[in-house]
1. Where residues in region 84-100 are out of contact with any Leu (no Cβ under 9 Å at 6 or more places or on another chain) and surrounded by 14 or more Cβ atoms within 10 Å (Cβ to Cβ), which of them is farthest from S15 (Cα to Cα)?
2. What about R36, is it basic (K, R) and either touching a residue at least 60 places away in the same chain (Cβ under 8 Å) or on the phi > 0 side of the Ramachandran plot (or both)?
3. Cβ-Cβ below 7 Å, separation at least six or inter-chain, first residue in region 119-135 and within 16 Å of Y195 (Cα to Cα), second among the hydroxyl-bearing types (S, T, Y) and in a strand (DSSP E or B): which pairs?
4. Which ranges mark the helices (runs of 4 or more DSSP H) fully within region 58-151 that have 1 or more residues being in contact with a Ser or Thr (Cβ under 6 Å, 6 or more places away or on another chain) and closer than 14 Å to M188 by Cβ?
5. Out of the residues in region 32-44 that are of a type in the set (A, V, I, L, M) and out of contact with any helix residue (DSSP H, G or I) (no Cβ under 7 Å at 6 or more places or on another chain), which is modelled with the lowest pLDDT?
6. Being over 30 Å from A264 (Cβ atoms) and among the aliphatic types (A, V, I, L, M) is the filter here; which residues of region 171-208 pass it?
7. Residue by residue through region 34-57, note down the ones that are in contact with a Phe, Trp or Tyr (Cβ under 7 Å, 6 or more places away or on another chain) and in a loop (DSSP other than H, G, I, E, B).
Amino acid sequence: MSRILITGSSGLIGSEMVAHFHALGWEVHGLDNNQRAVFFGPAGDTRWNQTRLQRRFPGFVHHELDVRDREGILSLVERVRPDAVVHAAAQPSHDRAAAIPFDDFDTNAVGTFNLLEAVRRHAIDAPFVHLSTNKVYGDAPNELALTELDTRWDYADAAYAQGIAEDFRIDRSTHSIFGASKVAADVMVQEYGRYFGVKSCALRGGCLTGPSHSGVELHGFLSYLVKCNVEGRTYRIYGYKGKQVRDNIHSGDVARFAEAFIAAPRTGEVYNLGGGKGNACSILEAFAMVAERTGRPMVSEYDTANRVGDHICYYSDLRKMRAHYPGWDITVPLPQIFDEIVEAWRDRLP
């Protein structure tokens with residue numbers, strides 16, 4: 001039986017990976033220590049998801065461990081000897097990172113390095129899938145000419161009609177502290193592929209989402225937006241008239257790509273993993289879509305100051321992913337994503 005190690009296994013992407021590979025017959029080991037609750041408080045707590053995984057998936061092995069624990073990571077990988085690794089553990093908020101820069105860098109950059117070195121020493125043939133972020137591009141996409149439409153911004157240059165591709169520059173821009181720590185991890189994942197031959201890829205995610213997300217204001221765009229609507233909370237828009245655009249990809253499609261890469265791995269690759277233009281929406285458009293499903297209008301307030309390093313318009317060019325892995329594509333359209341997240345938050349209400 002093949003064995004996989006998934007870090008951040010109680011989070012949105014990690015838990016989806018657990019379910020996906022368990023269904024494929026893999027022996028699944030998860031690593032998580034509920035650090036999200038430390039970063040974001042009780043609203044970010046993921047113990048509920050850990051409990052769900054342990055109850056639902058027989059044989060799932062949970063390891064209570066922090067990716068910053070170098071000796072612990074080295075020891076775990078040596079013991080488990082995984083046939084594949086999916087690294088989804090992170091400090092995921094570019095806003096929160098400024099308040100906890102040591103925790104952010106040590107988790108995102110050093111934690112990734114710890115895991116890569118453990119794999120090099122003890123599981124060199126294991127494909128390594130790293131969940132990076134589109135924030136590695138910093139705010140450079142904001143330099144592109146944009147067209148303002150009624151409810152969103154969009155690219156004015158036809159060269160970007162399919163979105164941002166992997167050859168877009170990642171330096172000479174403002175990233176946020178989070179973006180910089182993720183750049184360090186992203187480049188190290190590439191380097192371990194090119195220098196040591198680790199079968200690695202960095203997935204530069206857009207808005208990765210789904211019903212298992214513990215969305216909070218500082219991380220989890222659609223999940224938090226839906227939560228505000230369902231609970232009658234006020235949602236704060238930060239700049240850009242609420243027309244800023246995000247592409248949204250369901251966690252299940254992320255897991256399917258990880259499966260495809262692990263089955264036919266490459267070394268030191270990068271992919272822009274998002275919903276693409278077809279699954280993109282602005283905040284204003286998201287307001288309308290959730291209100292249509294709940295019958296409750298969105299309550300919002302507007303702050304003219306945008307978040308540092310935030311993208312005005314970003315959606316992923318998926319052509320490289322589709323070319324390298326033609327059996328993979330987006331399978332969950334945006335309306336279905338909204339349906340699932342609304343239902344999930346309704347189920348979680350007391």
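The values are calculated or read from the model by the stated rules, or taken from the named source; none is laboratory data. Here the structure is a predicted model, which means the values were calculated and not measured. Glycine gets a Cβ as well: all are built from the backbone with ideal geometry, and neighbour counts include every protein chain shown.
1. So the residue we want is I100.
2. Spelling it out, R36 is indeed basic (K, R) and either touching a residue at least 60 places away in the same chain (Cβ under 8 Å) or on the phi > 0 side of the Ramachandran plot (or both).
3. Once the first residue is within 16 Å of Y195 (Cα to Cα) and sits in region 119-135, its partners that are among the hydroxyl-bearing types (S, T, Y) and in a strand (DSSP E or B) give F128/S200.
4. By residue number, 101-105.
5. Here the residue is A43.
6. Within region 171-208, I177, A180 qualify.
7. Passing the criteria: none in range.
Here is a yes/no grid of residues against (1) without any contact (Cβ under 8 Å) to a residue 40 or more places away in the chain; (2) surrounded by 21 or more Cβ atoms within 10 Å (Cβ to Cβ); (3) touching an Asp or Glu at 6+ places or on another chain (Cβ under 9 Å); (4) closer than 25 Å to R47 by Cα:
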| position | (1), (2), (3), (4) |
| --- | --- |
| H213 | no, yes, no, yes |
| K227 | no, yes, no, yes |
| E231 | no, no, no, yes |
| G252 | no, no, yes, yes |
| C281 | no, yes, yes, no |
